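For reference, the structure is listed below as structure tokens.
The values are calculated or read from the model by the stated rules, or taken from the named source; none is laboratory data. Because the structure is predicted, anything quoted here is derived from the model rather than measured. Cβ atoms come from the backbone with ideal geometry, glycine included; neighbour counts cover every protein chain shown. Please note that ligands, DNA and RNA were not included when accessible areas were found on the heavy atoms of the full protein model with its side chains. Shrake-Rupley method; radii C 1.70, N 1.55, O 1.52, S 1.80 Å.
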Amino acid sequence: MEFAELIKTPRVDNVVLHRPFYPAVEGTLCLTGHHLILSSRQDNTEELWLLHSNIDAIDKRFVGSLGTIIIKCKDFRIIQLDIPGMEECLNIASSIEALSTLDSITLMYPFFYRPMFEVIEDGWHSFLPEQEFELYSSATSEWRLSYVNKEFAVCPSYPPIVTVPKSIDDEALRKVAAFRHGGRFPVLSYYHRKNGMVIMRSGQPLTGTNGRRCKEDEKLINATLRAGKRGYIIDTRSLNVAQQARAKGGGFEQEAHYPQWRRIHKSIERYHILQESLIKLVEACNDQTHNMDRWLSKLEASNWLTHIKEILTAACLAAQCVDREGASILIHGTEGTDSTLQVTSLAQIILEPRSRTIRGFEALIEREWLQAGHPFQQRCAQSAYCNTKQKWEAPVFLLFLDCVWQILRQFPCSFEFNENFLIMLFEHAYASQFGTFLGNNESERCKLKLQQKTMSLWSWVNQPGELSKFTNPLFEANNLVIWPSVAPQSLPLWEGIFLRWNRSSKYLDEAYEEMVNIIEYNKELQAKVNILRRQLAELETEDGMQESP
């Protein structure tokens with residue numbers, strides 16, 4: 001298919017652009033295969049350069065021959081274009097709708113994008129499983145890399161290489177995979193160096209109504225226990241939902257078959273409930289007519305902060321089991337691709353200082369989201385404005401980023417990255433020139449040949465010039481476990497995401513710049529103090545030598 005077939009009117013003059021915080025601009029609107037571009041007539045500058053894949057929905061209005069298109073973006077921006085001529089307006093609108101809903105992944109911009117920067121590091125090879133395994137293989141010999149899923153035959157949503165207990169062979173893993181939802185057998189998610197305890201993740205066991213069991217499964221998860229120790233299974237469904245799953249062939253671990261494991265249910269919502277929550281929240285944030293009571297009531301009705309609290313509570317419980325109870329844990333819900341990953345990754349941010357660094361956090365996203373099979377293509381296909389409700393959309397990753405922001409806000413000196421880093425990841429998960437978040441799992445990415453045909457987001461982010469934008473000037477390495485508060489008054493709305501197009505951040509930006517300047521000046525003064533101290537010490541040494549006979 002040629003993009004030209006979808007572009008009925010490629011260019012329109014005298015279009016007026018309205019967008020947040022900027023005066024209206026008149027210029028020429030151009031449509032390309034992947035972008036909507038508006039250039040100002042005054043100085044030929046590009047006022048707007050918008051990826052079609054960032055468009056969530058459009059509305060059309062007409063007053064006489066003047067047409068207005070309202071573009072609602074996946075990053076929650078709302079842009080208005082006033083287009084002279086009804087036919088031009090209708091043509092532009094239908095072209096935008098067609099170009100923003102392309103079915104084929106290979107027609108998306110990452111396959112056409114050519115970087116304008118020098119690629120110093122190939123991000124596709126920055127966080128390989130073998131490299132991650134080396135980080136803790138020096139501390140333990142109880143785990144091994146398994147290549148049982150090399151052709152994605154055992155589990156289509158797992159990567160080709162996974163970390164499993166050394167005492168379990170690949171044949172046993174195949175049997176366990178047949179007993180777990182989607183073939184997602186328990187694999188290592190995190191090794192806690194302090195006490196050797198681990199976090200594992202998997203899909204639900206397929207016990208069904210007959211109470212089916214799998215000896216190899218029991219052996220696998222028991223292999224992680226120390227003598228005389230108990231483990232915890234954190235199920236991210238309510239007990240009621242887990243029991244209902246048995247009727248559909250799923251279920252949970254029976255205590256009779258897993259006597260050394262205590263099961264805890266921590267219910268985390270999924271799918272359409274989360275999507276509806278996001279829609280309500282963004283709608284409330286965009287309505288500027290609320291009085292205080294109505295705003296607070298709409299914020300509460302969205303339940304967004306309740307979901308944040310539920311996820312953080314489960315993550316704190318997981319971290320507590322590992323660090324304070326000295327117990328290993330297995331985490332799963334139904335598939336093990338959504339709430340499971342929220343909990344495993346947040347628990348690591350609480351427990352592991354490396355996860356709070358920029359590269360450590362990138363490695364966490366690679367390991368616990370991309371390689372672990374979170375279906376980004378399905379979950380991020382639509383955002384808060386789209387009218388066609390499909391089954392698979394859900395802001396699972398955005399909720400995770402919001403939880404990270406909540407912890408960052410409570411521990412502002414413990415993270416090497418800043419809020420802009422999290423916002424950038426949100427934007428690229430929904431619409432990007434990079435191939436990192438395309439596809440639903442490693443198997444799909446392999447078939448699409450993303451490594452050969454697209455650029456990795458990390459290749460761009462990890463350039464020194466870009467990293468400086470995402471670095472937290474307050475960062476001081478903190479090797480301790482950090483325990484966030486989940487009290488309701490500790491969990492505010494993330495204004496940097498949800499109110500950034502409604503309220504100017506000018507004064508906050510100025511305050512941030514001033515803070516950076518003060519920190520830099522402080523470093524300069526500290527360096528001068530250190531030089532003077534050395535000079536003083538040298539003078540005192542010389543005096544001492546002169547005084548001695």
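Using a 1.4 angstrom probe on heavy atoms only, work out the carbon and sulfur share of the accessible area of the stretch 327-423 in %. Before the final figure, lay out the partial values.
Numbers: 1090 of 2120 Å².
The computed percentage sits at 51.
Sort LYS72, LYS391, LYS175 from largest to smallest accessible area, using a 1.4 Å probe on the heavy atoms of the protein chains.
LYS391, LYS175, LYS72
With Rg and the Kirkwood Rh both taken from Cα atoms, where does Rg over Rh land for the stretch 10-110?
Rounded to two decimals, Rg/Rh equals 0.95.
Just want the answer: with Cβ charges of +1 for Lys and Arg and -1 for Asp and Glu, which residue in SER505, GLN463, GLY435 is farthest toward the dipole's positive end in the chain?
Going by the Cα projections, it comes out as GLY435.
Given the stretch 500-540, what whole percent of its Cα pairs are spread farther than 14 Å?
Working: 535 of 820 pairs.
So the pairs more than 14 Å apart make up 65 percent of the total in the stretch 500-540.
Rounded to whole Å and sorted largest first, what semi-axes of the equivalent ellipsoid does the C-alpha gyration tensor of the stretch 328-432 yield via the square root of 5 times each eigenvalue?
Values for the stretch 328-432, descending: 23, 17, 11 Å.
Among SER100, HIS125, PRO84, which residue has its Cα furthest toward the positive end of the charge dipole of the stretch 61-152, with +1 on Lys/Arg Cβ and -1 on Asp/Glu Cβ?
With unit charges placed on the Cβ atoms, the residue in question is PRO84.
Under the rule of -39500 (n - 2.57) per DSSP H run of 4 or more residues, summed and divided by the residues of the chain, what mean residue ellipticity at 222 nm is obtained, to the nearest 500 deg cm²/dmol?
That comes out to -12000 deg cm²/dmol.
How fast does the stretch 129-502 diffuse by Stokes-Einstein, in µm²/s, taking the Kirkwood radius from C-alpha pairs at 10 °C and 1.306 mPa s? Spell out each step's value before the answer.
Working: Rh = 21.3 Å.
Approximately 75 µm²/s, per Stokes-Einstein.
Per residue, how many Å² of accessible area does the chain show with a 1.4 Å probe?
On the way: 25490 Å² over 549 residues.
That works out to 46 Å² per residue.
Going by accessible area, probe 1.4 Å, with all protein chains left in place, what is the ranking of ASP170, ASP293, ASP509, largest first?
Per-residue accessible area, sorted high to low, gives ASP293, ASP509, ASP170.
How long is the gain from GLU121 to TRP483 if the chain were fully straight, where each residue apart is worth 0.36 nm and the alpha carbon distance is subtracted? Before the final figure, lay out each step's value.
Numbers: separation 362, 0.36 × 362 = 130.32 nm, distance 3.44 nm.
The GLU121-TRP483 span can extend by a further 126.9 nm.
Highest first, please rank the peptides 401-410, 206-215, 261-270 by the mean number of other Cβ atoms sitting within 10 Å of their residues.
So the peptides 401-410, 206-215, 261-270, ranked by packing, come out 401-410, 261-270, 206-215.
Carbon and sulfur atoms: what percent of the 1.4 Å accessible area of the stretch 33-161 do they account for?
52 percent
Among the listed pairs LYS469/LYS528; LYS280/LYS391; LYS74/LYS280; LYS150/LYS447; LYS248/LYS280, give every one whose C-alpha distance is greater than 20 Å.
LYS469/LYS528; LYS248/LYS280, as the Cα separations exceed 20 Å there.
What is the gain in length, in nm to one decimal, between GLN451 and SER138 on full extension, counting 0.36 nm per residue of separation less the C-alpha to C-alpha distance?
Between GLN451 and SER138, full extension yields 109.7 nm more.
Mind ranking 49-62, 177-190, 114-127 by how tightly packed they are, going by the mean number of other C-beta atoms within 10 angstrom, highest first?
Answer by packing, highest mean first, reads 177-190, 49-62, 114-127.
For ARG500, ARG379, ARG174, ARG534, give me the order by solvent-accessible area with a 1.4 Å probe, most accessible first, ignoring ligands, DNA and RNA.
ARG534, ARG174, ARG500, ARG379
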